[in-house]
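The values are calculated or read from the model by the stated rules, or taken from the named source; none is laboratory data. Predicted model only: the values in this text are computed from it and were never measured. All Cβ positions, even for glycine, are placed from backbone atoms using ideal geometry, and neighbour counts span all protein chains on display.
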There are 2 protein chains.
Amino acid sequence: MLPIAVDAMGGDFAPAAIVDGAKRAHREFGIPIVLVGRPGEMGDTDGLSIIEASEVIAMDAEPGSSVRKMKDSSLVRAAEAVRDGAASAMVSAGNTGATMASALLRMGRIKGINRPSIATPIPVPGGTPTTLLDAGANAECRPEWLVEFAQMGGVYARDRFAIDRPKVGLLSIGEEAGKGSPFVKECFEHLSDPVWAAKAGCEWIGNVEGRDVMTDEVDVVVTDGFTGNVTLKTLEGAMKALINRLLVAIDTDDDTRAAGAALGPALDQMVSELHPDSVGGALLLGVKGVCVISHGSSSAAAMVNAIRVAHEMVEVEMVDHLTSAAAPG
Amino acid sequence: MLPIAVDAMGGDFAPAAIVDGAKRAHREFGIPIVLVGRPGEMGDTDGLSIIEASEVIAMDAEPGSSVRKMKDSSLVRAAEAVRDGAASAMVSAGNTGATMASALLRMGRIKGINRPSIATPIPVPGGTPTTLLDAGANAECRPEWLVEFAQMGGVYARDRFAIDRPKVGLLSIGEEAGKGSPFVKECFEHLSDPVWAAKAGCEWIGNVEGRDVMTDEVDVVVTDGFTGNVTLKTLEGAMKALINRLLVAIDTDDDTRAAGAALGPALDQMVSELHPDSVGGALLLGVKGVCVISHGSSSAAAMVNAIRVAHEMVEVEMVDHLTSAAAPG
């Protein structure tokens, strides 16, 4: 198998945490990896191979112009490695917009897909994660793009979470067909055409609401990239607020602190289940290659998970499945 | 003080839970109350006065036509009582759309307000609730309406939570001014005009993200009614999922169950802080009267809180403050 191209320079804790995660993914899971970036800044790479790239796109740089101008950046070189058959996938914790732009411009779009979309798995306590897309690639969407998101999300949910026939819902503000904004009503009409679901092996279940996202009522939630990103960040904020509040409750007095200590392992398990790092990053679906976008704040552990997801999606041939589902006719 | 008109017939547990809550609010807090609905179904009302109404708008009825046709419904009669000076405010746990329509059609709009908006307080652990609006009254909005929402939300946050100069933010997908959908960018421009904030005594802090909602970084979050409703329901779902997951963690073994028992009061306190019932329902802002919309699933305790909020908003003269802030010129 071709190596996974890991952008060593992207992320709040790059390159140290990234290189560390890459080494662990190679050592613990035998995943072939090529690091992309400035060799002099990577430290000891345990002999992992390297694609040299002299430039680094900053976390807050303007994505489009950066990718156009910085042709020797780690992000652009990583995407080129996939395009040129030197790598099987790319993984970055860097600038999300620049990651998308690099992948789109260098790998190109899958035929039949107008816009690539970011698919983010949302943890479901005691259940299978729900895939939310678009989680932020397209702040404004045309209704027909959501059909493509639905197909891609369905294929991804099957390949990633082994869901036989993923239930796909449209995020709205009421379950009845007539509920929502004019945009959502148009999306509903497009999604009600049975052809796409048959091609993608999905079940279209109609509108779902925000409260359904963290349940097994739905496997794939489609929405525009603005609503999707707001939903994702609202969930992240809620998790953080609740876990902090729980720590306050435990810190009430000596008795509750002792109880908290006894609950330690069970609570650690709960927090790690709900932590965004545990699901291994988001995927940019719709480009001709596997592209994993990890949190900017990714730790080495998060990178291990992101690299494992990239590896799995290559092995299961997700891009081929997306290509078949999206093929016109 | 004029009584609060309580729709005895609206809500999943009406009329029993509603009448029970009304009696408790009267008994425990001395709030004057008039129940609106079918006297024969109310049971013992402890001598609370009654406005008779023979019809009941069902929870799933189409709001507009119901309000137009059912002129002797409890919702329409409650709104008329406010309009006619027989009540100081209305409270309902019934059909949300019909509550809005009744209030709008019978009380009318405050001058300078194009569209009433639902303001929902979001619990902030260890802090002051954040007011989110529009939480669902207007699935599609014009950018200029968000300025009205911002003014109304600011006045409400000051009157309700005693925040001297509420920080008002626009919900977007990035903090920089240029981030968001074309609609949000237009809203940002309108909101950047300093006049509205001065009139409402607010501080405009620009874009905020979903992760800021449950923090004290922002006091009032404005958005369109679609995004607001998705955000609200996503938060409700996240709270429920997390609390259920916590119960699973506590139920791991005998040691964790014992620890859970020791944590009991601290966890109860946490859950009640985060429960939507504890904040006392949403307000429909922009109509000429106080209108509290409580959860359909309201318990008697939720009704007590909703009635208390209505009473407080009457006492503090919130509608006068809204009227001054929205007055043209």
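A compact table of results
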{"quantity": "Residues being in contact with a helix residue (DSSP H, G or I) (Cβ under 7 Å, 6 or more places away or on another chain) and not charged (D, E, K, R) - total across the range B:308-329", "calculated": "7"}
{"quantity": "Residues satisfying the stated conditions in the range A:72-116, i.e. surrounded by 22 or more Cβ atoms within 10 Å (Cβ to Cβ) and polar (S, T, N, Q)", "calculated": "A:Ser73, A:Ser74, A:Ser88, A:Ser92, A:Asn95, A:Thr96, A:Thr99, A:Ser102"}
{"quantity": "Residue count for the range B:1-60, restricted to those that are farther than 18 Å from B:Ala310 by Cα and among the small types (Gly, Ala, Ser)", "calculated": "9"}
{"quantity": "Residues of the range B:249-294 classified as outside any helix (DSSP H, G or I) and either modelled with pLDDT of 90 or more or within 9 Å of chain A (Cβ to nearest Cβ) (or both), total", "calculated": "16"}
{"quantity": "Sole residue being farther than 22 Å from B:Glu140 by Cα and in contact with a Ser or Thr (Cβ under 7 Å, 6 or more places away or on another chain), chosen from A:Ser92, A:Ser102, A:Ser117", "calculated": "A:Ser92"}
{"quantity": "Candidates B:Ser298, B:Ser294, B:Ser324, filtered to the one that is buried (at least 24 other Cβ atoms within 10 Å of the Cβ), assigned by TED's automatic domain parsing to the domain that holds B:Met90 and over 12 Å from the mean Cα position of the chain (by Cα)", "calculated": "B:Ser298"}
{"quantity": "Among (1) within 25 Å of the chain's Cα centre (by Cα); (2) at the interface with chain B (Cβ under 8 Å from one of its Cβ atoms), the one test that A:Gly201 misses", "calculated": "(2)"}
{"quantity": "Residues that are within 12 Å of chain A (Cβ to nearest Cβ) and either within 16 Å of B:Thr323 (Cα to Cα) or over 17 Å from the mean Cα position of the chain (by Cα) (or both), drawn from the range B:95-146", "calculated": "B:Pro125, B:Gly126, B:Gly127, B:Glu140, B:Cys141"}
{"quantity": "The range B:17-55, residues that are of a type in the set (A, V, I, L, M, F, W, C) and within 22 Å of the chain's Cα centre (by Cα)", "calculated": "B:Ala17, B:Ile18, B:Val19, B:Ala22, B:Ala25, B:Phe29, B:Ile31, B:Ile33, B:Val34, B:Leu35, B:Val36"}
{"quantity": "Pairs where the first residue, in the range B:217-245, is facing chain A (nearest Cβ under 8 Å) and the second is of a type in the set (D, E, K, R), C-beta under 6 Å, 6+ apart", "calculated": "B:Gly225/B:Asp134; B:Lys233/A:Glu209; B:Lys233/A:Arg211; B:Glu236/A:Arg211; B:Gly237/A:Arg211"}
{"quantity": "Elements of type strands (runs of 3 or more DSSP E) in the range B:1-83, at least 3 residues being under 19 Å from B:Val290 (Cα atoms)", "calculated": "B:4-7, B:33-37"}
{"quantity": "Qualifying residue in the range A:190-197 (condition: in the same structural domain as A:Phe226 (by TED's automatic domain parsing) and without any contact (Cβ under 8 Å) to a residue 12 or more places away in the chain)", "calculated": "yes"}
{"quantity": "B:Phe149 vs. criteria touching a strand residue (DSSP E or B) at 6+ places or on another chain (Cβ under 8 Å) and either within 14 Å of another protein chain (Cβ to nearest Cβ) or touching a residue at least 60 places away in the same chain (Cβ under 8 Å) (or both)", "calculated": "yes"}
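Table: residues versus (1) farther than 23 Å from A:Ser272 by Cβ; (2) buried (at least 17 other Cβ atoms within 10 Å of the Cβ); (3) among the charged types (D, E, K, R).
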| residue | (1), (2), (3) |
| --- | --- |
| B:Val221 | yes, yes, no |
| B:Gly225 | yes, yes, no |
| B:Arg245 | no, yes, yes |
| B:Arg257 | no, no, yes |
| B:Gly264 | yes, no, no |
| B:Met270 | no, yes, no |
